[in-house]
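The values are calculated or read from the model by the stated rules, or taken from the named source; none is laboratory data. Keep in mind that this is a model prediction, so the values were computed, not measured. Cβ placement follows ideal geometry from the backbone for every residue including glycine, while neighbour counts extend to all protein chains displayed. Ligands, DNA and RNA are excluded from the accessible area calculation, which covers all protein heavy atoms including side chains. Shrake-Rupley method; radii C 1.70, N 1.55, O 1.52, S 1.80 Å.
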Amino acid sequence: MRRKLFLSLLIFCALIQPARVQEKVQPPKPAAETPQIAKPAEAGLSLEQFAALSQKLSEPNGYFDTDNLISNETSYLHVMGKMRQMKINGGAFIGVGPDQSFSYIAQIRPSIAFMVDIRRDNLLQHLLFKSLFAMARNRLEFLCLFFGKPVPADLKSWDARSIQEIVAYVDKTQKETKLFDTTHAALQAKIKSYGIKLNDSELATIKRMHLEFFTSGMDLKFTSHGRGSRYYYPNYRDLMLEKDLTGKQCNYLVSEDDFRFMKSLQERNLVIPVTGDLAGNHALKSIAVYLNEHGEKVSAFYTSNVEFYLSRGDDFDRFAASVKLLPRSANSVIIRSYFNGTFGYAHPQSVSGYYSTQLLQTMDSFVKEFSAGGLQSYTDVISKHSLDLR
């Protein structure tokens with residue numbers, strides 16, 4: 001009887017064992033069921049999304065007393081060597097001003113870029129840039145469209161030419177008014193297709209901007225309202241031919257590969273023009289919200305010398321509080337410009353022959369210093385925690 005009972009138990013255990021094994025190896029839930037944060041760069045944005053995002057992030061138009069058609073910072077590339085050493089790349093880029101930011105973007109290769117300026121005119125100029133990238137097949141055609149010059153018959157062969165050869169071609173080639181008019185009409189059609197609402201006055205402003213490049217050519221300089229151009233301001237040609245502190249030329253038009261990266265980013269609608277005050281209550285904070293929602297961190301934030309103007313009152317605290325909200329990594333940096341005449345002396349990192357000085361600081365150190373109450377003046381901003389660029 002006991003022997004029969006024991007055999008019955010063995011048979012029962014054998015029968016139920018496979019069910020236990022099967023229970024242990026149940027396959028995991030498909031990966032698709034795990035929530036994923038979609039990054040806009042994976043497929044780009046549609047024109048509808050591009051226009052809606054620009055509008056959503058923007059604030060009302062503000063005022064600043066410069067045209068800002070080109071930069072006045074001859075030192076703008078001096079941070080490049082250090083950023084390469086730090087391996088700063090990817091992520092999101094935030095910058096102010098016209099196209100000097102494109103050189104930072106071309107080196108960093110971010111997945112999305114936000115061009116923020118208090119003046120809506122800057123947004124209009126970036127729409128002009130966007131249309132130029134759309135129409136240009138290479139660097140030379142980009143400049144020819146910009147300055148109203150005919151392209152050579154062997155345009156494709158210029159892909160491998162140096163920036164010096166390209167500049168020489170644009171300089172020696174006569175501009176053509178009829179060509180400019182035809183080109184600008186095509187650019188205006190492109191700009192209207194982007195979905196950002198523009199009135200007749202704004203379209204006229206875009207034409208005025210393009211006309212200034214046509215009229216002055218590569219001798220165009222930064223100007224301020226009511227003040228003449230300073231003798232030490234660079235022209236457009238100077239900015240293209242500038243070098244970093246290692247002696248490398250790295251303007252976005254030096255390399256066809258860099259130009260094509262910028263063209264691709266623009267064509268995927270991932271260079272977002274935003275009208276916004278860096279000390280305002282909306283634009284920068286909204287960019288922070290957007291980046292957090294899409295799982296993206298800021299790689300570089302180019303502020304030029306905007307902090308100088310913000311440090312005159314409570315604006316700086318509002319700006320710094322917004323910076324604190326931006327998602328960042330230990331390697332995220334702020335790129336800023338200091339003008340040596342601001343306090344009558346040169347910054348310790350100033351380079352002989354340059355009126356402007358480019359400075360680099362990690363965003364983490366900026367946020368920590370601000371939170372500890374250590375940024376009480378513009379002198380504090382430019383003197384504390386700046387990375388050694390040499």
Condition check for Ala186: under 26 Å from the mean Cα position of the chain (by Cα), among the small types (Gly, Ala, Ser), over 20 Å from Gln249 (Cβ atoms) and surrounded by fewer than 19 Cβ atoms within 10 Å (Cβ to Cβ): yes
Total residues in segment 298-327, condition closer than 18 Å to Asp364 by Cα, touching a residue at least 40 places away in the same chain (Cβ under 8 Å) and buried (at least 17 other Cβ atoms within 10 Å of the Cβ): 13
Residues of segment 140-172 classified as touching a residue at least 40 places away in the same chain (Cβ under 8 Å) and either surrounded by 15 or more Cβ atoms within 10 Å (Cβ to Cβ) or hydrophobic (A, V, I, L, M, F, W, C) (or both), total: 11
Within segment 32-69, considering residues that are at pLDDT below 95 and hydrophobic (A, V, I, L, M, F, W, C), the one surrounded by the fewest Cβ atoms within 10 Å (Cβ to Cβ): Ala32
Meets criteria (open to solvent by less than 10 Å² (accessible area, probe 1.4 Å), of a type in the set (D, E, K, R) and within 20 Å of Ile70 (Cβ to Cβ)) for Arg119: no
When residues of segment 328-350 are limited to those that are at pLDDT 95 or above and surrounded by fewer than 19 Cβ atoms within 10 Å (Cβ to Cβ), the one farthest from the chain's Cα centre (by Cα): Ala330
Pairs, first buried (at least 20 other Cβ atoms within 10 Å of the Cβ) and assigned to a helix (DSSP H, G or I) in segment 358-376, second modelled with pLDDT of 95 or more and among the polar types (S, T, N, Q), C-beta under 8 Å, six or more apart: Met363/Ser332
Conditions (1) in contact (Cβ under 8 Å) with a residue 24 or more places away in the chain; (2) over 22 Å from the mean Cα position of the chain (by Cα): number failed by Ile191: (2)
Test for Asp380: is it open to solvent by 40 Å² or more (accessible area, probe 1.4 Å) and assigned to a helix (DSSP H, G or I): no
Pair list, Cβ < 9 Å and 6+ apart or interchain, from segment 102-114 residues that are touching a residue at least 12 places away in the same chain (Cβ under 8 Å) and among the small types (Gly, Ala, Ser) to residues that are open to solvent by 10 Å² or more (accessible area, probe 1.4 Å) and in a helix (DSSP H, G or I): Ser103/Leu239; Ser103/Asp258; Ala106/Asp257; Ala106/Asp258; Ala106/Phe261; Ser111/Pro40; Ser111/Ala41; Ser111/Glu42
Test: Leu143 is farther than 27 Å from Ala279 by Cα, not in a loop (DSSP other than H, G, I, E, B) and not charged (D, E, K, R): yes
